[in-house]
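A.B. asks: Structure provided below as structure tokens; questions to follow.
The values are calculated or read from the model by the stated rules, or taken from the named source; none is laboratory data. Just so we're clear, the structure is a prediction, and the values are computed from it rather than from any experiment. When we count neighbours, we look across all protein chains shown, and the Cβ atoms used for this are built from the backbone with ideal geometry, even at glycine. Heads up: the accessible areas ignore ligands, DNA and RNA and are worked out on the full protein's heavy atoms, side chains in. Shrake-Rupley method; radii C 1.70, N 1.55, O 1.52, S 1.80 Å.
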Protein chains: 2
Amino acid sequence: MTTWIQSVIDGIGPLDERAMREAEERLGQLTKPPGSLGRLEALAVRLAGITGVAVPPAPLKKAVVVMAADHGVCEEGVSAFPQEVTPQMVLNFLNGGAAINVLSRQTGADVVCVDIGVKGELKHEKLLSRKVRPQGTANIARGPAMSRGEAERAIAVGMELAAELYGQGYRLLATGEMGIGNTTPSAALLVVLAGLDVKEAVGRGTGVNEEGLLRKQDAVLRAIETNRPDPGDAMDALAKVGGLEIAGLAGLILGAAAKRCPVVVDGFISSVAALVACRMAPSARDYLIPSHLSGERGHRLVLQELGLEPMLHLEMRLGEGTGAALCFPLIDAAGGVLREMATFDSAGVSKG
Amino acid sequence: MTTWIQSVIDGIGPLDERAMREAEERLGQLTKPPGSLGRLEALAVRLAGITGVAVPPAPLKKAVVVMAADHGVCEEGVSAFPQEVTPQMVLNFLNGGAAINVLSRQTGADVVCVDIGVKGELKHEKLLSRKVRPQGTANIARGPAMSRGEAERAIAVGMELAAELYGQGYRLLATGEMGIGNTTPSAALLVVLAGLDVKEAVGRGTGVNEEGLLRKQDAVLRAIETNRPDPGDAMDALAKVGGLEIAGLAGLILGAAAKRCPVVVDGFISSVAALVACRMAPSARDYLIPSHLSGERGHRLVLQELGLEPMLHLEMRLGEGTGAALCFPLIDAAGGVLREMATFDSAGVSKG
């Protein structure tokens with residue numbers, strides 16, 4: 001681990017207990033039965049602990065960070081879509097036509113699109129070009145996805161971006177990704193880091209058929225046999241069987257946590273990135289906000305491993321950050337309750 | 001059943017199959033793997049079927065209807081809060097300080113507050129005063145809550161309000177309620193209409209202790225023994241062991257369905273009102289949009305009875321329409337996806 005990466009990790013502090021107590025006390029004074037807003041109250045308290053502000057003066061400025069990269073393992077026939085769809089969808093994001101654009105507009109968030117390893121050239125004035133490997137990863141079924149140094153650079157890209165966005169006033173980030181084939185390295189990482197069986201971790205992604213599913217399982221098995229990633233060393237696993245956007249998102253989470261900025265974790269791939277981040281810095285977990293339960297097979301298992309309980313049950317499996325963006329209104333609601341609700345005293349309502 | 005009520009019920013039509021097919025076809029052309037937006041796609045199709053418009057030109061105009069009433073069964077010590085809290089909270093709604101006001105403001109909805117049977121006088125320029133019984137219901141543990149004629153009037157109040165709101169341009173309604181003690185008649189209705197055991201249906205409401213829970217169970221048992229409601233006649237059950245706000249919400253649902261207006265169903269009490277509505281008019285079920293899974297014990301069972309699957313899992317148990325209001329952004333998202341997403345053709349993205 002580079003000294004800089006380690007210094008960012010070392011900068012992740014504990015939750016602010018004083019702000020959490022203050023938020024809890026205020027929640028107890030508001031005109032509602034104690035605890036009756038359930039997990040929305042827990043969310044309000046958690047946000048207080050993360051940001052250090054008990055009662056947010058306004059909704060947090062939001063961005064969905066979509067990290068895009070390609071995957072050499074596509075050679076193994078693991079995806080229902082051709083690899084050219086990665087850059088095509090990146091342009092779709094940049095032109096505002098994808099699902100994540102629609103959901104972000106509706107929930108008041110900006111979409112930040114990062115090329116961290118899309119195969120081939122890709123240019124657009126709104127694109128953040130931070131390529132770590134210009135052709136994407138190598139085929140993990142035959143060798144390492146990237147070198148350890150490249151994995152570290154991808155982590156650093158995410159960390160730097162978190163700091164940049166923080167500097168631009170963003171105070172709530174969500175993870176998104178695009179990368180044809182990326183449920184395969186995600187499943188491989190899950191198998192390695194959580195000690196799961198390949199069949200539990202590998203799902204149908206964008207929709208492969210039964211044969212495709214068997215090819216994916218086989219590719220994950222071979223990736224692990226060939227590369228022998230060290231389950232106790234997340235950077236090693238990331239370099240050997242991971243992906244560039246997964247590494248970038250892990251770095252984004254670590255960088256955001258170091259800035260006391262909450263991160264909403266989207267579906268399967270994003271949650272695996274969160275698992276990588278938490279293995280590098282367990283305290284980063286406190287800064288994660290769960291979002292939805294994906295329809296992708298392994299998602300429930302990653303969330304269990306992270307100890308996160310999803311709020312939305314919509315059987316979505318699109319990625320891009322779409323499930324996370326749909327949770328922004330819940331986060332605004334948690335803050336709004338603290339900021340705007342009347343107290344028993346102010347409204348003249350009798351207590352129970 | 002009065003002729004007018006019957007005529008409204010008879011006016012509930014089937015879903016618009018053509019609009020649903022059109023929405024489905026469009027969803028298949030959008031830049032995402034088929035079906036990958038999961039239940040958001042099902043929601044978009046359902047909304048098309050309800051409204052008859054495949055692609056909504058703009059977000060639907062929204063109102064949360066909060067029906068408020070009092071309950072004679074409070075004499076039995078079934079609530080953690082004193083009965084005076086009902087009018088106090090109604091004033092809190094009217095002054096914008098309750099949770100439902102905060103969540104409605106954030107989700108772009110208006111709060112419509114109706115006094116359908118709050119005990120005592122209650123005046124406010126924004127209050128819709130539609131009292132059916134000026135002292136609320138009688139104590140169901142000792143006799144009928146109201147007469148059959150009063151139950152019909154309360155249903156009619158809800159139906160008329162749905163038509164009024166439709167006339168004012170509202171195209172998406174959510175159910176909300178306030179009434180200290182109202183989980184008790186709701187549980188009684190659930191026991192009668194779904195043939196459940198009292199212990200399964202009775203929960204802690206706003207937070208009664210173990211003794212209070214036993215008193216509630218006992219009150220529900222006595223209500224059913226004393227009144228002998230007919231499980232095959234929802235109006236009879238409603239009159240004997242129900243509540244005025246529950247009847248009003250059932251009427252609202254039926255009236256909205258007759259106007260092809262979707263209704264988001266909040267938690268336990270609202271769901272019981274929906275069950276009453278669906279027993280009177282089974283086709284009303286098509287017009288219901290589920291929202292959250294409440295922390296109140298019987299909610300899961302009512303939803304099962306209705307065949308509705310909750311989208312939000314937040315362990316909320318506040319009522320007022322709060323869980324329903326939090327689902328408005330999901331409904332806007334479903335419409336927004338249809339309206340704003342690029343197609344594979346328009347964005348130049350390869351299909352799988």
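A.B. asks: Nearest 5 percent is fine: what portion of the DSSP beta bridges confined to the protein assembly as shown is antiparallel?
C.D. replies: Working: 3 of 49 bridges.
Of the beta bridges lying entirely in the protein assembly as shown, close to 5 percent run antiparallel.
A.B. asks: So the label point sits 7 Å from Cα along the Cα-to-Cβ vector; using that for A:GLY169, what distances do you get to the other copies, in nanometres, sorted shortest first?
C.D. replies: Relative to the other copies, A:GLY169 has label-point distances of 3.0 nm.
A.B. asks: Determine the residues within segment A:317-352 where the difference in accessible area between the chain on its own and the full set of protein chains amounts to at least 30 Å²; count protein heavy atoms only and use a 1.4 Å probe.
C.D. replies: The answer is A:ARG317, A:LEU318, A:LEU326, A:PRO329, A:LEU330, A:ALA333, A:GLU340, A:MET341, A:VAL349, A:SER350, A:GLY352 - residues whose exposure falls by at least 30 Å² when every protein chain is included.
A.B. asks: Where in segment A:267-296 does accessible area fall by at least 50 Å² between the isolated chain and the complete protein assembly, at a 1.4 Å probe radius?
C.D. replies: For segment A:267-296, once contacts with the other chains are taken into account, no residue loses 50 Å² or more.
A.B. asks: Here is a further query. Counting only DSSP beta bridges with both residues in segment B:1-129, tell me the antiparallel percent, nearest 5. Each step should come with its number before you reach the end.
C.D. replies: Working: 0 of 10 bridges.
Looking only at bridges with both residues in segment B:1-129, the antiparallel portion is about 0 percent.
A.B. asks: Amide H neighbours of A:LEU172 under 5 Å, counting only residues 5+ apart in sequence or on other chains, H built in-plane at 1.01 Å?
C.D. replies: Counting only residues 5 or more places away or on other chains, the set is A:LYS61, A:ALA63.
A.B. asks: Looking only at other chains, what is the average number of their beta-carbon atoms within 10 angstrom of each beta-carbon in B:103-111? The partial results should precede the final answer.
C.D. replies: Values: counts 10, 0, 2, 9, 4, 0, 0, 0, 0.
Counting Cβ atoms of other protein chains within 10 Å of each residue's Cβ and averaging gives 3.
A.B. asks: Mind checking the dipole of segment B:1-110: about its Cα centre, +1 per Lys or Arg Cβ, -1 per Asp or Glu Cβ, Debye to the nearest 20? It would help to have the intermediate numbers written out before the result.
C.D. replies: Values: 9 positive and 12 negative charges, 128 e Å.
Charge dipole, segment B:1-110, about its Cα centre: 620 debye, nearest 20.
A.B. asks: Computed on protein heavy atoms with a 1.4 Å probe, what is the summed buried accessible area for the chain pair A and B, in Å² to the nearest 100?
C.D. replies: Values: alone 13830 and 13870 Å², together 23420 Å².
Summing both chains' loss of accessible area gives about 4300 Å².
A.B. asks: Tell me, what HN-Hα J-couplings in whole Hz come from the Karplus equation 6.51 cos²θ - 1.76 cosθ + 1.60 at θ = phi - 60° for each residue of segment B:23-30, using x for Gly and Pro?
C.D. replies: 5, 4, 4, 5, 4, x, 8, 6
A.B. asks: Quick one: with all protein chains in place, what share of the accessible area of the protein assembly as shown is carbon or sulfur, to the nearest percent (1.4 Å probe)?
C.D. replies: Details: 11520 of 23420 Å².
The computed percentage sits at 49.
A.B. asks: Using 7 Å Cα-to-Cβ label points, what is the A:GLU25/A:SER147 separation (nm, one decimal)?
C.D. replies: My value for the distance between the label points is 5.5 nm.
A.B. asks: With labels modelled as points extended 7 Å from the Cα through the Cβ direction, what inter-label distance (nm, one decimal) is found for B:ASP10 paired with A:SER350?
C.D. replies: 4.7
A.B. asks: Could you run the Karplus curve 6.51 cos²θ - 1.76 cosθ + 1.60 with θ = phi - 60° over segment A:161-169 and give me ³J(HN,Hα) per residue in whole Hz, x for Gly and Pro?
C.D. replies: Taking θ as phi minus 60°, the curve returns 5, 4, 5, 4, 5, 4, x, 8, x Hz for segment A:161-169.
A.B. asks: Grab the DSSP H runs of chain B that are 4 residues or longer, score each as -39,500 (n - 2.57), total them, divide by all residues and round the 222 nm result to the nearest 500 deg cm²/dmol.
C.D. replies: Numbers: 16 runs with 171 residues, N = 352.
Mean residue ellipticity, 222 nm, calculated: -14500 deg cm²/dmol.
A.B. asks: Now for a separate question. Can you give me the accessible area per residue for segment A:215-352, using a 1.4 Å probe, in Å²? If you can, show how the numbers build up before the last one.
C.D. replies: Numbers: 3730 Å² over 138 residues.
With all protein chains present, segment A:215-352 gives 27 Å² per residue.
A.B. asks: For segment B:259-316 and segment B:10-77, what is the centre-to-centre distance using only Cα atoms, to the nearest Å?
C.D. replies: 13
A.B. asks: If you don't mind, there's one more thing I want to ask. Pairs of alpha-carbon atoms within less than 8 angstrom and 6+ residues apart define the contacts here; what relative contact order does chain B have, in percent?
C.D. replies: Working: 771 pairs, mean separation 86.4, N = 352.
Result for chain B is 25 percent.
A.B. asks: Then there is this: Evaluate the charge dipole of chain A about its Cα centre and quote only its size in Debye, nearest 20, assuming +1 on the Cβ of each Lys and Arg and -1 on the Cβ of each Asp and Glu. Spell out each step's value before the answer.
C.D. replies: Details: 35 positive and 40 negative charges, 72 e Å.
The dipole of chain A has a size of about 340 debye.
A.B. asks: While we're here: How large is ³J(HN,Hα), in whole Hz, for each residue of segment A:131-144 in order, when computed from phi with the Karplus curve 6.51 cos²θ - 1.76 cosθ + 1.60 and θ = phi - 60°, using x for Gly and Pro?
C.D. replies: Along segment A:131-144, the couplings run 4, 9, 9, x, 10, x, 6, 7, 6, 5, 6, 10, x, x Hz.
A.B. asks: Please check segment B:51-99 for residues whose accessible area, probe 1.4 Å, is lower by 50 Å² or more when all protein chains are in place than in their chain alone.
C.D. replies: With the partner chains in place, segment B:51-99 has these residues losing at least 50 Å²: B:PHE81, B:GLN88.
A.B. asks: In addition: Quote the FRET efficiency, to the nearest 0.05, computed for B:THR343 versus B:GLN168 with a Förster distance R0 of 35 Å and r equal to the Cβ-Cβ distance. Mind dumping the intermediate values first?
C.D. replies: Values: r = 35 Å, r/R0 = 1.01.
E between B:THR343 and B:GLN168, to the nearest 0.05, is 0.50.
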